[in-house]
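Asker: Got a structure here, written out as C-alpha cells. Questions coming.
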Amino acid sequence: MKFLFALIFLPICLFSQDINQIFSEKGEIYFSFEYKNKNILNKISKIVSLDHKINKEEGFAYANKREFSKFLELNIDYKILNKRKVVLEKSKNNWDYYPTYSEYVEMMENFADSFPHICKLHRTDMLNSGREILFIEISKNIGIKENEPSFLYTSSMHGDELTGYVLMLRLIDDILNSYGNNTYITSLVDNIDIWINPLANPDGAYAGGNSNVLGATRSNANFIDLNRNYPDPQDGQHPDGNSWQEETVIFMGLADTVNFNLASNLHTGSVVANYPWDTWSNLPADLIWWQHVCNEYADTCQQYGNSNYFTGFDNGITNGYDWYEVDGGRQDYSNYFKHSREFTLELSNNKTPNSNTLPYYWNANVNSFYNFMEQSLYGLTGIITDSVNGLPIKAFVEVINHDFDSSQVYSSLPIGNYHRYLYQGSYQIKFSKAGYHTKIKNISILNNNSTVKDIQLVPLSFVGINEKNISQNYLGKLNILGKKVNTNKNNITIEKKSDGTINKTIIIN
Ligand SMILES: [Zn+2]
C-alpha cells in the first residue's frame, strides 16, 4: 500500500513543487522550447503566449503559472530564460530615455495643456493599480466630429515591448510642434482625427515600480497576455479562457465610440509589418491593399534605417498566420468585429532596446508613421444621408464580389462618413440600410488618391414627387410628416403602402 502511494504521488509532488518554485518570485516566465513543425507550434500557441521571436525549431514563449502547467503536460523540452539587461540613459533632451510613470503622465498632460486648440487628453477608467491608459487626440477643431477618418496608433500592449512607447510620445510632440510650420503635417492634422496611445499596458511596463521599466512584464498585473484576451473571429468571446481584462474593456469601449478606420498596434521582439489574419489561414479580402500599405511602411524604413532594417520575412512584411497563429489578438478583433483596418508592427528585435538607440528607431520609422497615417485619407470616401430629410445615416458599404470576413464597412454617425480603403481598380459598391432602397455605384480607385462619393439613400416609404405622380414642376419647401425638407418641386408628396397603393397625401406649405 505504502509503495503504491509513493509511486502514484511522488512524481506529482515533485512536479508541483517545481512549478511553485519557478513562480515563487514572479507571475510570468520567459522560456524557450523545441518544436518540430508548424502544427505543434500552433498547438503550443493555444496554451502559452508565443513570443514574436521564433527561430527554426526553437520557439520562445511567456506563461503564467496556469499556462505553464498546461505546457508541461505536453512533455516538451524547455529552458527558462532570464531577460536581457537594458541600458537606461538619462540625458532627457533627445528622446533617448524611458520616462518614469509620472514623467509619462506629465508629458501627456503637457501636450494637451500646451496645444489646447488641436490636442485633447482622454483619460479612461483608472486601472486597479491606480495607473491609467491615456490617449492623445489631435485634430483641427478638436472635440467636434467632422467628415474625416479616425486613426489610431497604440503601443506596448505587451508591457516589455517599449520601443513604440517612446516613439509614440515623440510622434505626438512632433505633430504638435509641426502644426502650422510644416505643410504636410498640418494637412494631416487638418484632415484626420488622430489618436495616439503610447502605453497600452502601464501595469506591465512598470511592473517593477513606477521609477523605471527594468522590471517590465509582457502581461498585465494579473499575468494575462492582453494580446490573447480579445474576442476572436474563430475562437469566440474568450479565446484565452480569461475574462476581459480592464485594459481590454477600455480599448473595446473606445473602439465602440470612435470607430477607428485605420490603426496599427506597435510591438517589438522582431522587425516586420504583420497584416491580417492571425487566427486563421484565410487571406484578407483586401490582401493586395494590405501588401501595398505594409510594403510602403517597410520600404520607407529600409530607406531610412540601417541596411538590414525591415528586410526579413517577405521584404519586411508578413501575413500573420503564416508567421504564427495568435488567437484573441487585438488586430483580428479590430478588423473582424469593428470593420476597422488594423495591422501589427514589430519595430525592433530587442524588446526594450538600450535607450540610446531610440533616436535611431525614430529616424528609421518617422516617415513610415506619417505615410501610414496619410493612407487613412485614401480609397473611397463620402457621406451617406437620407434623401428625404438630409440626415446622416449609418449604412452598410459592400464591395460586390470582393468583400468577405467582415471587410465591409459602415458609415458612422453623427456625420455619416464612410472610408473604404481599396487597392486601385474598378469596383461595384453597394450602399444599403434596412428601410431604404439599395444603391449600387461603379467606382474607380487609384492608389494613394481619394475618390469621393456622397450617397443619398431613398426611404422605402417615400415615393418621389418627381416621378409619374406629379407632373407639375414647383419650387419651394415640402413639409413631410412634420419635417421640413428642401426640394425643387413643391406640390404634394405621397406615401406608398406596402401593396403599392397611395396611403397619404401631404399638402405643402
Ligand atoms: Zn508583442
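Asker: Multiplying the sequence separation of residue 186 and residue 26 by 0.36 nm and subtracting their Cα-Cα distance, what value in nm do you get?
Answerer: Using 0.36 nm per residue and subtracting the Cα-Cα distance, I get 53.0 nm.
Asker: Just add up the charged neighbours of residue 102: K/R +1, D/E -1, any other residue whose Cβ is under 13 Å from the Cβ of residue 102.
Answerer: Overall, the nearby charge balance is -3.
Asker: Fully extended, how many nm does the chain gain between residue 211 and residue 458 (0.36 nm per residue separation, minus their Cα-Cα distance)?
Answerer: Going from the current span to full extension adds 83.0 nm.
Asker: Using every alpha carbon pair in segment 101-375, what percent of pairs falls into each 10 Å bin from 0 up to the bin containing the largest distance?
Answerer: Taking every Cα pair in segment 101-375, the percentages come to 7, 31, 39, 21, 2.
Asker: Separate question: Compute the helix-to-body angle for 101-114: its Cα long axis versus the longest principal axis of the chain, expressed 0 to 90° and rounded to tens.
Answerer: That works out to roughly 20 degrees.
Asker: Determine the percent antiparallel among the DSSP beta bridges restricted to the chain, to the nearest 5.
Answerer: Looking only at bridges with both residues in the chain, the antiparallel portion is about 70 percent.
Asker: Still on this model: Write down, largest first, the equivalent ellipsoid semi-axes of segment 23-150 in whole Å, where each equals the square root of 5 times an eigenvalue of the alpha-carbon gyration tensor.
Answerer: Working from the Cα gyration tensor, I get semi-axes of 41, 20, 16 Å.
Asker: Residue-wise, which Karplus ³J(HN,Hα) couplings in Hz belong to segment 263-280, taking 6.51 cos²θ - 1.76 cosθ + 1.60, θ = phi - 60°, and x for glycine or proline?
Answerer: Once rounded to whole Hz, the list reads 7, 9, 10, 9, 10, 9, x, 7, 10, 5, 9, 10, 9, x, 9, 9, 8, 9.
Asker: Over all Cα pairs of segment 288-341, how is the pair count split among 5 Å bins, expressed in % and running from 0 up to the last occupied bin?
Answerer: Going from the shortest bin to the longest, the percentages are 5, 18, 21, 22, 19, 11, 4, 1.
Asker: Please compute the length gained on full extension between residue 94 and residue 391, using 0.36 nm multiplied by the number of residues separating them and subtracting their Cα-Cα distance.
Answerer: On the way: separation 297, 0.36 × 297 = 106.92 nm, distance 4.89 nm.
Computed gain between residue 94 and residue 391 is 102.0 nm.
Asker: Now for a separate question. What FRET efficiency comes out for residue 360 versus residue 128 if R0 is 35 angstrom and r is the Cβ-Cβ distance? Round to the nearest 0.05.
Answerer: 0.45
Asker: Translational D (Stokes-Einstein, µm²/s) of segment 26-82 at 20 °C and 1.002 mPa s when Rh comes from the Kirkwood sum over C-alpha pairs?
Answerer: 193
Asker: Could I ask something else about it? In what sequence, highest mean first, do 184-196, 393-405 appear when ranked by Cβ atoms within 10 angstrom?
Answerer: Descending mean neighbour count gives 184-196, 393-405.
Asker: Can you list the HN-Hα couplings for segment 249-254, worked out from phi with the Karplus curve (6.51, -1.76, 1.60; θ = phi - 60°), rounded to whole Hz and with x for Gly and Pro?
Answerer: Those phi angles translate into 4, 4, 5, 5, x, 5 Hz.
Asker: With labels modelled as points extended 7 Å from the Cα through the Cβ direction, what inter-label distance (nm, one decimal) is found for residue 83 paired with residue 450?
Answerer: 4.2
Asker: Right, something else. Using a basic spin-label model with each label point 7 Å from the Cα along Cα→Cβ, how many nm lie between residue 37 and residue 367?
Answerer: Rounded to a tenth, the inter-label distance reads 4.4 nm.
Asker: Using alpha carbons only, how many degrees (0 to 90, rounded to 10) separate the axis of helix 358-375 from the longest principal axis of the chain?
Answerer: Roughly 20 degrees between the two axes.
Asker: Starting from the 7 Å offset along Cα-to-Cβ, what nm value, one decimal, do you get for the label separation of residue 121 and residue 304?
Answerer: The modelled label-to-label distance comes out at 2.7 nm.
Asker: If you average 1/r over all unlike Cα pairs in the chain and invert the result, what Kirkwood radius do you get in angstrom?
Answerer: 25.2
Asker: Please give the calculated 222 nm ellipticity per residue for the chain, where each DSSP H segment of at least 4 residues contributes -39500 (n - 2.57) and the sum is spread over every residue; nearest 500 deg cm²/dmol?
Answerer: Working: 13 runs with 145 residues, N = 509.
When only DSSP H runs of four or more count, the value is -8500 deg cm²/dmol.
Asker: Cα-Cα over 29 Å: which of 140/394; 140/430; 26/351; 70/338?
Answerer: 140/430; 70/338
Asker: What is the dipole size for the chain, taken about its Cα centre, with +1 at each Lys and Arg Cβ and -1 at each Asp and Glu Cβ, in debye to the nearest 20?
Answerer: So the dipole magnitude of the chain works out to roughly 1400 debye.
Asker: Something else about it: Once amide H atoms are built 1.01 Å from N in the peptide plane, which residues 5 or more positions from residue 30, or in another chain, come under 5 Å H to H?
Answerer: Long-range HN contacts for residue 30: 81.
Asker: Relative to the compact globular guide of 2.2 N^0.38 Å, what is the alpha carbon radius of gyration of segment 379-457, as a ratio? Mind dumping the intermediate values first?
Answerer: Working: Rg = 11.9 Å, N = 79, 2.2 N^0.38 = 11.6 Å.
Taking N as the residue count of segment 379-457, the ratio is 1.03.
Laboratory data are not the source of any read-out in this text; all were calculated from the coordinates shown. Since this is a predicted model, take the numbers as computed values, not measurements. For neighbour counting, all protein chains shown are included, and Cβ atoms are generated from backbone atoms with ideal geometry for every residue, glycine included.
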